[in-house]
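Read the structure below first, then the notes.
Readers should treat all values here as calculations from the given coordinates under stated rules, not as data from a laboratory. Since this is a predicted model, take the numbers as computed values, not measurements. Quick reminder, even Gly has a Cβ in these numbers, built from the backbone with ideal geometry, and neighbours come from all protein chains shown.
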Amino acid sequence: MPGTSTTQLALTAFDLFQDEQRIRVLELLLEAESPFYCRELILQFQEQASEPAPSEADLLADFHHVHLPIFDEAGVIDYEREQLCVTQINEEKLDALLEATRIVVNSLTEE
């Protein structure tokens, strides 16, 4: 992450975490062992939903075309699109994004 400013990292984190469903997906991935397939993710998501979850087909579309690629592009996960599989979670990158967010938020509350 050399050359990436704290502000830029925080903006990336804000983009990642602006969607409640995406946050829940990341929570499930962090609880799981890699590799983790979309079908397993969908089933767990539906089982743990506090309100009626979208259909399996809708969740697959959301996860495969939106949420997982966004995490992959940010470097938080390695997502194999052809296999519909998360092969690795980059916790170091996730920690850097969360720390940058804390720094930026704290700087906004300082007087």
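Structural remarks
- If you go through region 52-68 and keep only what is of a type in the set (A, V, I, L, M, F, W, C) and over 17 Å from Cys85 (Cα atoms), you end up with just Ala53.
- Complete set of residues in region 28-51 that are surrounded by fewer than 16 Cβ atoms within 10 Å (Cβ to Cβ), closer than 15 Å to Thr87 by Cα and more than 12 Å from the chain's Cα centre (by Cα): Glu31, Ala32, Glu33, Ser34, Pro35, Tyr37, Arg39, Glu40
- If you check Glu92, Glu20, Glu82, Glu56 for being more than 30 Å from Leu108 (Cβ to Cβ), without any contact (Cβ under 8 Å) to a residue 12 or more places away in the chain and of a type outside the set (S, T, N, Q), only one passes: Glu82.
- Index of the failed condition, Val25 passing every other in (1) of a type in the set (A, V, I, L, M); (2) buried (at least 18 other Cβ atoms within 10 Å of the Cβ); (3) in contact with a strand residue (DSSP E or B) (Cβ under 8 Å, 6 or more places away or on another chain): (3)
Residue-by-condition table, conditions (1) surrounded by fewer than 18 Cβ atoms within 10 Å (Cβ to Cβ); (2) assigned to a loop (DSSP other than H, G, I, E, B); (3) of a type outside the set (Val, Ile, Thr):
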| position | (1), (2), (3) |
| --- | --- |
| Ala53 | yes, yes, yes |
| Ala57 | yes, no, yes |
| Leu60 | yes, no, yes |
| His67 | no, no, yes |
| Ile70 | no, no, no |
| Tyr79 | no, no, yes |
| Val86 | no, no, no |
| Leu94 | no, no, yes |
| Glu99 | yes, no, yes |
